[in-house]
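Derivation of every value follows stated rules applied to the coordinates shown; laboratory data play no part. Please read all numbers here as calculations on a predicted model, not as lab measurements. Every residue, glycine among them, receives a Cβ derived from its backbone with ideal geometry; neighbour counts consider all protein chains shown.
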Amino acid sequence: MLDEIVAYTGMHRKSVIRRLNESLERRPRRGERGPEYGPEFDTTLRVIWKSTDYVCPERLTPNLLTTAELLETHHELTLTQSLREQFAKVSISTVRRHLPNTPLAHRRRKKHPPQNQYQQQIPTRRIPRDTVMPGHFEVDLVHHCGPSTAGEYVYTLQIIDVATGWSGRRAILGRSYVAVADALEASFARLPFPVLELHVDNGSEFLNAHLMSFLQQEHPEIKLSRSRPATPNDNRLVEQKNYTLVRDYLGDRRFDTVTQTRYRNTLYEQMDNFYNFIQPVMRQINKQWVPASATRAGYLKRIHDVARPPVERLCQAPCLELHQQRALREHQASINPLKLRNKIYRDRDHLFDYPNAQPDTVEDVYQTLANPDRFPQPQAPLQAVDTVDKPQNGLPTVPTASTTTTDYISSDKEEMAALE
C-alpha cells in the first residue's frame, strides 16, 4: 500500500508514514491568502467599464488591457506594470465579482418572467391577414373594473375571425376556468362554421391547466397559438374591436353583478346580429410604402377591399353548404337594421340603470353560465353548504333561482315593457 501511495503522489515514503499516523481531519489554514486585486485594480476597472458604456463582463474582460492602454494614451488613467499583468490574466468571473451594480439609467434589458409549460408548448405566431378559410379566431378579454381592480368584476370575452371579420362576445363574471370555458362553449355554439384555431395572448385566464385540459378533451380538433409577450399587434384585429365593439358602447364603467352580466349577454346577442349581418367591414389586402416627396413625408398606405358585412364574406368562403348559406341570407333578410340598432342603444342605456354590487354581498358566478350543468364538479362543494348549519361567517348558500338565460330574457323584457 505504501508503494502505491508513493508512486501515485510522488511523496517521500517517510512523509507518507507520518501523514497516515496523523489525524485525517482537515486542519485550518495557517495563514489566509491576501487579496490579489486591490483597490487600485477596482478603481481602474470601473473607469474602463464606464468608458465602454457598462457592457457585460463577457464583453469587457477580453478587451481590458487594450482599452486601458487607449485610455492611458488620452490621459484618462495611469497604468502600472502590475495593473497590466492583472488585466492580461484576470478571468471573467473575477471581473464580475469586482464590478458594482449597473446604474439604473443604463439597464437596457429587463428580465422576462420565466415561461410556464403552456407558453413553452403553444407556438407563437400571427394569423396572416390573407387567410382564406374561416375559423381562425383571435381571442381576448376586456376588463370592466372601473377605476379599481379590487374584487371580482365582469369581463368581456371577444372572438374575431380573421378571414371574415365575424365576431362574438360573451360577458363573464370573474375569469376562472369555469367562466372562461363556459363562455368559449357558448360562443362556439353560436357560430355557423367550425373553429379551426384559437389565438390567445399570454394571460393566465387562457394558459392554465384546467382550460387546456378542457379544450384537449372537448375540442381536440382546435389548434392553439399565442401572441408573443408584450406584443399586442399579434392580436391586432381583436385588440381593435375591443374598443370599437366593447369600450365604445360601455366605456370605463365598473360592472360586477350577476344581473349586469346576464343582461349584457342579451345585449351581446343583438350586437352579434347587427355586426355580423348588417354593418359592413373592410379587410386589409395589402400595404405599400409611399416615398417622401417635395410636399409631404413618406407614409405607409394600407389598401382595403370593398366593405361588406361578415356574412357576405362567409357565404363566399369554401366552408358552408348551400342550405347553410341560404339560411344565413334568410336570417339577414329578416333583420330590420334601424330597429335593431335603436334597440341596442336603448338596452345599453337600460344596462346603466342596474346598481353595482354591495360591499358585503357575494355574487354567484354559476348564475351567469350558459350551461351550468356542464360543470357539476366545481359546483358540488357549494351545493354541500345547504346541507349543514352555516356559521356566522360561513359561505352563503347557492340561490335556487333559475340559471337559464331564457327566463332572464323574458323577465327583463317584461320589465322593459313596463318602463316603456
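Summary of computed values
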{"quantity": "Among (1) 37; (2) 23; (3) 52, the entry derived from the coordinates for percent of Cα pairs over 36 Å apart", "calculated": "(3)"}
{"quantity": "Pairwise label distance in nanometres, residue 1 with residue 102, each label 7 Å out on the Cα-Cβ vector", "calculated": "5.6 nm"}
{"quantity": "Mean separation of Cα contacts under 8 Å (6+ apart) over length of the chain, as relative contact order %", "calculated": "13 percent"}
{"quantity": "Per-residue [θ]222 nm for the chain (sum of -39500 (n - 2.57) over DSSP H runs n ≥ 4, rounded to 500)", "calculated": "-12000 deg cm²/dmol"}
{"quantity": "Prolate/oblate/rounded call for the stretch 291-344, Cα gyration tensor, a/c under 1.5 rounded", "calculated": "oblate"}
{"quantity": "Local electrostatic count, residue 80, Cβ distance below 13 Å [Lys/Arg +1, Asp/Glu -1]", "calculated": "-3"}
{"quantity": "Furthest towards positive pole of dipole, 151, 366, 44, structure part the chain, Cβ charges", "calculated": "44"}
{"quantity": "Mean shadow area of the stretch 126-206 over all directions, Cα convex hull, nm²", "calculated": "5.7 nm²"}
{"quantity": "Mean separation of Cα contacts under 8 Å, 6 or more apart, over the residue count of the stretch 168-297: relative contact order %", "calculated": "28 percent"}
{"quantity": "Sequence-distant aspartates and glutamates (8 or more away, or on other chains) whose Cα lies within less than 15 Å of residue 223", "calculated": "138, 161, 197, 201"}
{"quantity": "Point-charge dipole on Cβ atoms (K/R +1, D/E -1) for the chain, about Cα centre, debye to 20", "calculated": "2100 debye"}
{"quantity": "Beta bridge orientation in the chain: antiparallel %, DSSP, nearest 5", "calculated": "75 percent"}
{"quantity": "Kyte-Doolittle mean at least 1.6 and Cα axial length at least 30 Å: DSSP H helices in the chain", "calculated": "none"}
{"quantity": "Three-way shape label, the stretch 258-360, alpha-carbon gyration tensor, a/c 1.5", "calculated": "oblate"}
{"quantity": "Highest average packing first - 121-133, 7-19, Cβ atoms within 10 Å", "calculated": "121-133, 7-19"}
{"quantity": "Computed FRET value (nearest 0.05) for residue 362 with residue 305, which takes r as the C-beta separation and R₀ as 41 Å", "calculated": "0.25"}
{"quantity": "At 1.306 mPa s and 10 °C, Stokes D of the stretch 39-106 from Kirkwood alpha-carbon radius, µm² per second", "calculated": "132 µm²/s"}
{"quantity": "Rounded, prolate or oblate (a/c below 1.5 giving rounded, otherwise prolate when a/b exceeds b/c) for the stretch 112-156 by Cα gyration tensor", "calculated": "oblate"}
{"quantity": "Cα Rg, Dmax (largest Cα-Cα span) when computed across the stretch 10-67, Å", "calculated": "22.1, 59"}
